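Contents: one structure, followed by commentary.
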Amino acid sequence: MKKLAFVLAAAGLMTVAACHKTDQAAAVDNAGDNAAASLDNQGDMLSAAADNASNASTANALDNSADAAHNSADAVKADASNKADAIDNAAK
């Protein structure tokens with residue numbers, strides 16, 4: 001539940017931040033957010049599968065995959081934000 005509240009709060013803040021972006025930069029930012037959300041969802045599913053795993057080895061492998069998915073989501077979001085900023089800076 002805490003993670004959902006964080007995601008909703010972050011989405012609200014990103015919406016406010018997007019107000020000063022060009023249409024193209026906002027589209028890049030939104031696409032990055034969507035891709036990051038998808039990766040986060042995959043990480044959450046992998047984490048849930050790890051909780052239900054029948055042995056420790058499988059649980060550890062699933063947890064590692066979940067961590068990798070969450071890290072990838074962070075990287076995608078940061079990359080999209082950087083690209084959107086570059087588009088905005090080029091438009092000025």
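The values are calculated or read from the model by the stated rules, or taken from the named source; none is laboratory data. A quick note: this is a predicted structure, and the numbers were derived from the prediction, not measured. Note that we place each Cβ from the backbone using ideal geometry, even for glycine, and neighbour counts take in every protein chain shown. Just the protein is used for accessible areas: all its heavy atoms, side chains included, with ligands, DNA and RNA removed. Shrake-Rupley method; radii C 1.70, N 1.55, O 1.52, S 1.80 Å.
Observations on the model:
- Charge context of L62, other residues only, Cβ under 15 angstrom, K/R +1, D/E -1: -4
- Across the range 36-46, coupling constants 3J(HN,Hα) worked out from phi with the 6.51/-1.76/1.60 Karplus curve, θ = phi - 60°, read 5, 5, 5, 5, 5, 4, 4, x, 5, 5, 5 Hz, and Gly and Pro carry x.
- Take the Cα of S57, step 7 Å toward its Cβ, do the same at N71, and the gap between the two points is 2.3 nm.
- Site pair A90 and N34 shows an inter-label distance of 2.1 nm when each label is modelled 7 Å from Cα along Cα→Cβ.
- Split the accessible area of the range 22-92 by element, probe 1.4 Å, and carbon with sulfur accounts for 49%.
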